1. With respect to G191, determine if the residue is within 21 Å of N27 (Cα to Cα), among the small types (G, A, S) and within 16 Å of the ligand (Cβ to nearest atom).
2. Looking at A220 and the list (1) surrounded by fewer than 17 Cβ atoms within 10 Å (Cβ to Cβ); (2) at pLDDT 95 or above; (3) of a type in the set (A, V, I, L, M, F, W, C), which single condition is not satisfied?
3. Filter segment 79-99 down to residues that are away from the ligand (no atom under 16 Å from the Cβ) and assigned to a helix (DSSP H, G or I) and give me whichever is surrounded by the fewest Cβ atoms within 10 Å (Cβ to Cβ).
4. Identify all residues within segment 240-268 that are hydroxyl-bearing (S, T, Y), touching a strand residue (DSSP E or B) at 6+ places or on another chain (Cβ under 6 Å) and surrounded by fewer than 20 Cβ atoms within 10 Å (Cβ to Cβ); write none if there are none.
5. Show me the strands (runs of 3 or more DSSP E) found entirely inside segment 171-274 where at least 3 residues are closer than 23 Å to S287 by Cα.
6. Would you mind finding the one in L202, L208 that is touching an Asp or Glu at 6+ places or on another chain (Cβ under 8 Å), within 16 Å of the ligand (Cβ to nearest atom) and closer than 27 Å to A329 by Cα?
7. Name the single residue, out of those in segment 126-157 being in a helix (DSSP H, G or I), aliphatic (A, V, I, L, M) and over 19 Å from V199 (Cβ atoms), that is nearest to the ligand (Cβ to nearest atom).
8. Taking into account only those residues within segment 158-184 that are more than 16 Å from the ligand (Cβ to nearest atom) and polar (S, T, N, Q), which is farthest from the chain's Cα centre (by Cα)?
Amino acid sequence: EEFDQLDLNSKNKLFQGDVPQVFHTLNAEQFDRELLDRLYSLTNIIRSISKTKNGATYLANRLRDKRAMLYFAQASTRTYLSFKTACDIMGINCTDVRDTSTSSEVKGESFSDTIRTFSSYFDFVIMRHPEESHAEKAAWVVNSSDRPVPILNAGSGKDQHPTQALLDMYTLRRSFEKNGGMDGKTIMMAGDLNRGRTVRSLSKLLCLFPGVKIIFSAPAGFGMRDDVLQFLDKENVKYIVTEEFVPHLSKADAVYMTRIQDEHDKNDGTTSKRSYDDFSLKFEHLSLLKPFCAILHPLPRRDELDPKIDNDPRAKYWRQERNGMWTRAALIAMTGGAEPQIQNYWRDL
Ligand code: CP
């Protein structure tokens, strides 16, 4: 109840921690450019160290005394697996709850008590939840406890997926490394933007790059929500909202496809009955794209992204998926306080 009475600003400030030594990852807007650059520098270093002789062993000894709870109260393949493998890289021991019917929540235990229990046994709580604001609520619970462990939001309802945005941005930056960098690029997002948490978080991170423009391309009724558009207005980011898809493809430096999020349907299946054929990237569209256009998708995909595109050099989504493991390893290393040691090790190599 106390949490629910907090205003949005106070909720957003939670990551800074009532307890300063704890760094939660709750939403995209908590990341500024400096923090992003630090994270990506560490990501590159961890990738490189892991390929050196004894490097994997060095990394796996950094957080060997730590334990992580992977609390996934909603389906996941790659976020779960990439967090799990990221923890493996850093030597963290993982336990999970993926099926909430095995948790005492079915006996009526409150969300707060469940999180408090995790904090009794684990040093990190990595959580995906179908309800919005539950990562912030978890941070509130642990900040008020005697064991304030970091909370990492692995997807919260239709609202945020901050670590996905971190890996998306890392992938975009790498894609544009030899093509002028991120600044001034036009990023097109297409699909069910209304209920897609990845595009909501990524839009907020894009504000950190001067001159970036966004094209929000969605069928009628599935457009980006006003709160994100207002956020972009406040940050002076230019965007267009359109119900057309193909006419915009040639303008984009990156096309970020998303699937229909019909798991959020209210059991009537109405949105899954709609055809998304006119918001699908097909093999024949490749000729419309810029030569260096990066094609991204958070995955999983359905028909909106033609598998025949997979072998095109502009298709970055399988790399994007792998980048998730490295960016999350860096985030965990940073959260667990291992960053200075890793930086020193790299400097001395
Ligand atoms: N991108 C993403 O969140 O995928 P999963 O749902 O498979 O974790």
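The values are calculated or read from the model by the stated rules, or taken from the named source; none is laboratory data. Only a predicted model underlies this, so the values are computations on that prediction, with no experimental measurement involved. Here the Cβ is made from the backbone with ideal geometry for all residues, glycine too, and neighbour counts use every protein chain on show.
1. When the stated conditions are applied, G191 does not pass them.
2. All conditions are met except number (2).
3. Among residues in segment 79-99 that are away from the ligand (no atom under 16 Å from the Cβ) and assigned to a helix (DSSP H, G or I), the one surrounded by the fewest Cβ atoms within 10 Å (Cβ to Cβ) is D88.
4. From segment 240-268, those hydroxyl-bearing (S, T, Y) are 242, 250, 256, 258; that's our starting set.
After this cut, where a residue has to be touching a strand residue (DSSP E or B) at 6+ places or on another chain (Cβ under 6 Å) as well, the list is 242, 256.
Across segment 240-268, the qualifying residue is only T242.
5. On the way: elements: 186-190, 213-217, 238-242, 254-257.
Output list reads 186-190, 213-217, 254-257.
6. Numbers: L208 fails: within 16 Å of the ligand (Cβ to nearest atom).
Result of the check over L202, L208: L202.
7. First, pick out the residues of segment 126-157 that are in a helix (DSSP H, G or I): 134-143.
Filter again for aliphatic (A, V, I, L, M), leaving 135, 138-139, 141-142.
Still in the running and over 19 Å from V199 (Cβ atoms): 138-139, 141-142.
Values: A138: 18, A139: 20, V141: 24, V142: 23 Å.
Across segment 126-157, the extreme among qualifying residues is A138.
8. It comes out as N179.
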